[in-house]
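Participant: Attaching a single structure in structure tokens format; questions to follow.
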Amino acid sequence: MNSSSSREKWQKSLQLYPQSALPGSIKIKFSADSNIEAIEALKIIDKLIQSRSEKDFRDQLIEHKINPSQLKDFLNSITRNELDVEIAPKLAADGKVIKLLIIDGIKKCLKYLDEVNYIAIDSIKIPQANDINKVLDVVKMIGEGIPLIPEHIDGLTTERQVRYYKSAAYALGLTTKDNRLTPAGYFINSHYADRKNQYEILADRFESTDFGWAWMTWAQVQYMTELNPETAADFLIDSVPDLNKTTAKRRASTLAKWLTELQPYHRKYKSSE
């Protein structure tokens, strides 16, 4: 397996499992699906922490398709207790103990994360349900306790299609992962009789979703009205590590369609200047 395919594999599936711990200096033993790939992942994290500049740090994030928010959560879990962490892989290929994650280096890395203008998001936060009206219908059905099955949703014929619309509602922040309404979901349902109002609400939500905010940040614009629908595929390819190019282009059609339909309903905010 070449290094590129190996890296893609651990990015998608690598998991560490706490196996045992000892008192004193706090030694914790982890297991992994693949020790070799886990070691490669740790070496990449070490390189990030050793970055000599913000540009070097950003370039490595992009090269290795690291999700900044996930990396930040991982590093923050260490800094909370002001720990220096030594990772010593038992099966390191070069036979050396890997020493990394020193607290000062982690704090510098977190500072870069706060300043870097690169956002990566998980594919689950990228919608793939083209019909916005059906998304609104699904949110209404959840609020009314109507079972989400193809027979209850006009135009849908498979459970897979239903999952797409449930995921889209989640990506918009209208529902939770387990298909419960969020306050935003209740709010948009309260305007169900007026589609124009709902579209205005969705336009606001578009800008504050993970995918909307990441797209605007990627494009270096302030409002969704400044986004070009034709850039959707390029944005996804650059910003969603776990999507291949073919899937990214397919998902891009949904983003482009939503953007085109919602842009006319955007409510521009008054400048504070």
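Participant: Taking into account only those residues within segment 176-221 that are among the charged types (D, E, K, R) and in contact (Cβ under 8 Å) with a residue 12 or more places away in the chain, which is nearest to Arg163 (Cα to Cα)?
Facilitator: The residue in question is Arg180.
Participant: With respect to the numbered conditions (1) touching a Pro at 6+ places or on another chain (Cβ under 7 Å); (2) hydroxyl-bearing (Ser, Thr, Tyr); (3) crowded, with 17+ Cβ neighbours inside 10 Å, which one is the sole condition not fulfilled by Thr260?
Facilitator: (3)
Participant: Next question. Kindly establish whether Ser239 is among the hydroxyl-bearing types (Ser, Thr, Tyr), in the same structural domain as Ala129 (by TED's automatic domain parsing) and surrounded by 20 or more Cβ atoms within 10 Å (Cβ to Cβ).
Facilitator: Against the criterion (among the hydroxyl-bearing types (Ser, Thr, Tyr), in the same structural domain as Ala129 (by TED's automatic domain parsing) and surrounded by 20 or more Cβ atoms within 10 Å (Cβ to Cβ)), Ser239 qualifies.
Participant: Inspect all residues belonging to segment 114-137 and state whether any of them is touching a strand residue (DSSP E or B) at 6+ places or on another chain (Cβ under 9 Å) and touching a residue at least 40 places away in the same chain (Cβ under 8 Å).
Facilitator: No, the conditions are met nowhere in segment 114-137.
Participant: Also: Restricting attention to segment 146-188, and to residues there that are of a type in the set (S, T, N, Q) and surrounded by fewer than 19 Cβ atoms within 10 Å (Cβ to Cβ), which single residue is farthest from Ser253 (Cα to Cα)?
Facilitator: Thr182
Participant: Still on this structure, I have one more. Among the helices (runs of 4 or more DSSP H) lying completely within segment 162-247, list those that include at least 3 residues that are closer than 24 Å to Gln70 by Cβ.
Facilitator: Of the helices (runs of 4 or more DSSP H) lying wholly inside segment 162-247, those with at least 3 residues that are closer than 24 Å to Gln70 by Cβ span 195-208, 210-219, 232-239.
Participant: Check segment 221-228 and report whether any residue there is exposed (fewer than 15 other Cβ atoms within 10 Å of the Cβ) and among the aliphatic types (A, V, I, L, M).
Facilitator: yes
The values are calculated or read from the model by the stated rules, or taken from the named source; none is laboratory data. Being a predicted model, the structure only gives us computed values, none of them experimental. All Cβ positions, glycine included, derive from the backbone under ideal geometry; neighbour counts span all protein chains shown.
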